[in-house]
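Participant: Here it is, the structure in full.
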Amino acid sequence: MYLEYKDKIATDHRESFPRSWVVGENILHLSTWFLAGWLVWPIQWHGFPVAVVVWGTVVVLVQVLLKKHNCSGCYYYGKSCHLGWGMLSARLFEKDSGNIETGKRLSLFYVLSPPVILLATILEGILLDVETLHWVLLGLYIFLNVISFPVRMKGCRVCAIRNACPGSACKTSCGK
């Protein structure tokens, strides 16, 4: 575990999370990423969906790099955190093999990508001839992003390293 985390372990934490919790939270993430891909599909160059390729590449790269730089040094490395990423990281990377500063920067993906996708798809909807389904799915995308905050906070609230994790939605001020 990263040294920065050791002195910040919360005493009121879960050692592992139920599989249903892990699956549900990951389905929520996957849903928003796939919806974002569908929403940017009309942004094409000579008929090639360049925005989807860029988006998909960014999502995959950031997710792999997050598992290395954040999860390989996490308390839950090899265990079932609320996202299951500690177990995934243990299968992909050696313990403490990442760089915590890089992990902190990569965590900005969760803050920056929703507004970027939102603005791009609104602009796309204004400039291109999109169907009503585009606006309905954009509404669903917004809804899923909004509900992801309390869902993530629920997991972070009982996480062992919520006080140190760069991706935590629930630092020391978060009550039960």
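Participant: Condition check: aliphatic (A, V, I, L, M), within 13 Å of the chain's Cα centre (by Cα) and surrounded by 16 or more Cβ atoms within 10 Å (Cβ to Cβ). Does Leu61 satisfy that? Spell out the reasoning first.
Facilitator: Numbers: aliphatic (A, V, I, L, M): yes; within 13 Å of the chain's Cα centre (by Cα): yes; surrounded by 16 or more Cβ atoms within 10 Å (Cβ to Cβ): no.
Taking the combined requirement at face value, the residue does not satisfy it.
Participant: Further question: What are the residues in segment 89-131 that are more than 14 Å from the chain's Cα centre (by Cα), surrounded by fewer than 16 Cβ atoms within 10 Å (Cβ to Cβ), assigned to a helix (DSSP H, G or I) and of a type in the set (A, V, I, L, M), if any?
Facilitator: Listed by number, the residues that qualify are Leu92, Val116, Leu119, Ile122, Leu123, Ile126, Leu127.
Participant: If you check Lys67 against the conditions, is it under 21 Å from Pro166 (Cβ atoms), surrounded by 13 or more Cβ atoms within 10 Å (Cβ to Cβ) and more than 20 Å from the chain's Cα centre (by Cα)? Explain how you work it out, then say what you get.
Facilitator: Working: under 21 Å from Pro166 (Cβ atoms): yes; surrounded by 13 or more Cβ atoms within 10 Å (Cβ to Cβ): yes; more than 20 Å from the chain's Cα centre (by Cα): no.
No; evaluated as a whole, the condition is false for this residue.
Participant: Filter segment 10-54 for residues that are under 18 Å from Ile122 (Cα atoms), surrounded by fewer than 17 Cβ atoms within 10 Å (Cβ to Cβ) and modelled with pLDDT under 90 and give the result.
Facilitator: Correct list: Gln44 only.
Participant: Checking the structure you have, find out if any residue of segment 134-150 is touching a helix residue (DSSP H, G or I) at 6+ places or on another chain (Cβ under 7 Å) and within 23 Å of Ala10 (Cα to Cα).
Facilitator: Within segment 134-150, one or more residues are touching a helix residue (DSSP H, G or I) at 6+ places or on another chain (Cβ under 7 Å) and within 23 Å of Ala10 (Cα to Cα).
Participant: Let me spell it out: the conditions are (1) under 26 Å from Thr57 (Cα atoms); (2) charged (D, E, K, R); (3) assigned to a loop (DSSP other than H, G, I, E, B), and Arg162 meets all of them except one. Which number is the exception?
Facilitator: (1)
Participant: Hey, could you check segment 55-87 for residues that are assigned to a helix (DSSP H, G or I) and among the polar types (S, T, N, Q) and say which is farthest from Asn99 (Cα to Cα)? Lay out the reasoning, then the answer.
Facilitator: To start, the set of residues in segment 55-87 that are assigned to a helix (DSSP H, G or I) comprises 55-69, 71-73, 85-87.
With among the polar types (S, T, N, Q) added as a condition, the list becomes 57, 63, 72.
On the way: Thr57: 21, Gln63: 15, Ser72: 9 Å.
The extreme case among them is Thr57.
Participant: Name the residues in segment 1-54 that are aromatic (Phe, Trp, Tyr), assigned to a helix (DSSP H, G or I) and free of Cβ contacts under 8 Å to residues at least 24 places away in the same chain, would you?
Facilitator: As a first pass, look at segment 1-54 and keep what is aromatic (Phe, Trp, Tyr): 2, 5, 17, 21, 33-34, 38, 41, 45, 48.
In the following step, the residues that additionally are assigned to a helix (DSSP H, G or I) were identified as 5, 21, 33-34, 38.
Hit for segment 1-54 is Phe34, nothing else.
The values are calculated or read from the model by the stated rules, or taken from the named source; none is laboratory data. Bear in mind the structure is a predicted one, so any value in this text is a computation, not a measurement. In this analysis, Cβ positions are derived from the backbone assuming ideal geometry, glycine residues included, and neighbour counts consider all displayed protein chains.
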